[in-house]
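Q: One structure is given below, represented as structure tokens, and several questions about it will come after.
The values are calculated or read from the model by the stated rules, or taken from the named source; none is laboratory data. What you see is a predicted model; the values in this text were computed from it and never measured. Note that we place each Cβ from the backbone using ideal geometry, even for glycine, and neighbour counts take in every protein chain shown.
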Amino acid sequence: MKEIISNIVKEVLKAKELPEVNFSLEPPKNKAFGDFSVNAALVLAKSTGRNPRELAGEIAEELKKKSRYFSKVEVAGAGFINMTLNETIYTGVLNDILEKGEKYGRNDLNKGKKANLEWVSANPTGPLHAGHGRQVCLGKAIANLLEWSGYEVTREYYYNDAGNQMNNLAKSVYARYMQIIDPSFPFPEDGYHGEYIKEYAQSIFDEKSDTLKNSDNIDFFKEYAEKKNFERIKKTLETLGIKHDVFFSETELYRNKDIEKLLSDFREKGASREEEGAVWLNMDRKRFQKDKVIVKSTGEPTYRLPDMAYHINKIKRGYDYIIDIFGSDHGDTYKEVLYGIETAGYDVKNIKVIIHQMVTFRSGNESVRMSKRSDNVYYLDDLITDVGADATQFFFVMRAANTHLDFDIELAKEQSDKNPVYYLQYAHARICGIFRNAAENFNEDIKVKDFNSGLLTEPEAVDLLKVLSRFPDEVESVTAALEPHKIITYLNQTAEAFHKFYHNNRVLNADDLETTKARLKLCEAVRTVLRNGFNIIGITAPERM
RNA sequence: GCGCCCGUAGCUCAGUCGGAUAGAGCAACAGCCUUCUAAGCUGUGGGUCGGACGUUCGAAUCGUCCCGGGCGUACCA
């Protein structure tokens, strides 16, 4: 819809021999100003030195001639041109929604293109904790959005299984195992304290008795714990309907020599140097405070080097769009990684990094601690159990990634109108209720193909149609910005428009079958848009509440 | 200290590539159920958009400085 109007404005500017400019065309905040507002005259006033109101008047005159589209065009304020669309345009939208159904809102702007989204990527040192949830849920929604815009999406999970962390994990399980045999066995200082470590140790002991007490068997503990941890992580993700296509292990980059090759590339280009027994990557001092170690003096790479090699690997796999989601604790380090990739001679322009801020949890007025040190970790599984998968997904996606998120567990748990997720779901359930009732007394009217959309003239119905017509534009812009929280903002507006319509207009009316038919079709369209939106953010569409 | 992010109604937050009277939910107050689910609707109150200065016809939005909070500033990841 927006595109159509935008093109009309462009045509008019061209016809008036005005220079091409970037104007903004938006539905104005205030409904009284019509359906779309364009600031073209204000923008042009600057470059042409003309009076903006005068210029706006001339453009408006031309637009008025397009009466097929506009019922009203007027100049307002400093030189805005406000346009009100013909209502018949919107009834066309209704047919469009009914015809496209679950495809309504999809576009093929990126048809034939491949995107790779890497997220979660938690190392398998333990179960996902509640804080991971933000990234988990954001990524799910973003992957869906990319698909809605035509991308073929590879969902990928990268994990470091070669570094220190996994050794600590192995030592921790080993220590717990040994403690079963000898309670005085020391626990490593930087070991993992979670209950799950004890469980693993116990089940190993149950199976193998004390046959593994020799510390040479440490690799067994590592592999066992890694396998168990991944089982748990995957199960948690599954609860939220997430399935990664690729699990990429750091070890693979050693096996296939990618890391070795990258290191020699750096050396040949003179981009790295050896000093104090370590290998340093020479950084651009304008952008970075100091050079960074890529291989420790122990001969072990720091996480940066495999990260760079991993991204080069992704680039070589030929994606049109490579997206990473990281927490703000990686806010600086990803820049180093990108710099390394560039230095090695690869283009990073198709790589986009989304940084999300940290989450704090509270229950009403009480803050919930997320200490990693203690045994008392609040796991993502716990959160899902407490508030449900829908509320989990909704609350994590509800806010812009780049702001701190305050997750109120008590509110998410609340089964009432206080909980924002129900406002949306209730709209859907209400529509399903109407159709249940219609099935009894108006069954034939549900099925009809022909209906008179001209009967949908009530202000609430027209407003509702206008909101529904925006859905494809929203999907498009939200995908471009990779900001799924805006889908929720939009769905709220949709639900609001529906609730108002419902309140003021009875759908099923035996005395007026024609209006009943038309309103049923409108409800059908609302239900379609809600379901499609729910699908993107990953919540269910309940039929009853 | 330096770098990145954030600061909008009592609370949680939208709005931020400059645009019209700054919005929503919750909380408060006042109404609406003999009719498709009141998990809804209608109305009222509530704001120095952290502060100051600057750019502009126009600033919550851009720039500089300051204040407050988060994250980073490792031969951890």
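Q: Considering region A:126-155 alone, what residues qualify as being small (Gly, Ala, Ser), within 22 Å of A:Phe230 (Cα to Cα) and not in a helix (DSSP H, G or I)?
A: Those that are small (Gly, Ala, Ser), within 22 Å of A:Phe230 (Cα to Cα) and not in a helix (DSSP H, G or I): A:Gly126, A:Ala130, A:Gly131.
Q: Could I ask something else about it? Quick one: how many residues across region A:261-278 are surrounded by 13 or more Cβ atoms within 10 Å (Cβ to Cβ), over 35 Å from the mean Cα position of the chain (by Cα) and not hydrophobic (A, V, I, L, M, F, W, C)?
A: Going through region A:261-278 one residue at a time, the tally reaches 4.
Q: Could I ask something else about it? Of all residues being among the small types (Gly, Ala, Ser) and crowded, with 16+ Cβ neighbours inside 10 Å in region A:109-128, which is farthest from RNA strand B (Cβ to nearest atom)? Just the residue, please.
A: Looking at the filtered set, the residue picked out is A:Ala115.
Q: Kindly provide the set of residues from region A:283-297 that are surrounded by 15 or more Cβ atoms within 10 Å (Cβ to Cβ) and touching a residue at least 40 places away in the same chain (Cβ under 8 Å), ordered by number.
A: Of everything in region A:283-297, those that are surrounded by 15 or more Cβ atoms within 10 Å (Cβ to Cβ) and touching a residue at least 40 places away in the same chain (Cβ under 8 Å) turn out to be A:Met283, A:Phe288, A:Lys292, A:Ile294.
Q: Say we look at region A:461-514 and pick out the residues that are polar (S, T, N, Q) and buried (at least 20 other Cβ atoms within 10 Å of the Cβ); which of these is nearest to A:Tyr90 (Cα to Cα)?
A: Here the residue is A:Ser469.
Q: Out of everything in region A:150-170 that is small (Gly, Ala, Ser) and within 19 Å of A:Arg255 (Cα to Cα), what residue ends up being modelled with the lowest pLDDT?
A: A:Gly163
Q: Does A:Lys521 satisfy the criteria of being of a type in the set (Lys, Arg) and part of a helix (DSSP H, G or I)?
A: yes
Q: OK, next. Return yes or no: is A:Val421 of a type in the set (Val, Ile, Thr) and within 22 Å of A:Gly533 (Cα to Cα)?
A: yes
Q: Looking at A:Ser149, A:Ser172, which one is within 16 Å of RNA strand B (Cβ to nearest atom), of a type outside the set (Lys, Arg) and crowded, with 16+ Cβ neighbours inside 10 Å?
A: Result of the check over A:Ser149, A:Ser172: A:Ser172.
Q: What about A:Arg106, is it out of contact with any strand residue (DSSP E or B) (no Cβ under 9 Å at 6 or more places or on another chain) and either of a type in the set (A, V, I, L, M, F, W, C) or outside the structural domain of A:Phe221 (by TED's automatic domain parsing) (or both)?
A: Here the answer is yes, as A:Arg106 does meet what is asked.
Q: When you scan region A:428-474, how many residues do you find that are under 18 Å from A:His499 (Cβ atoms) and under 23 Å from the mean Cα position of the chain (by Cα)?
A: Summing the residues that are under 18 Å from A:His499 (Cβ atoms) and under 23 Å from the mean Cα position of the chain (by Cα) in region A:428-474 gives 5.
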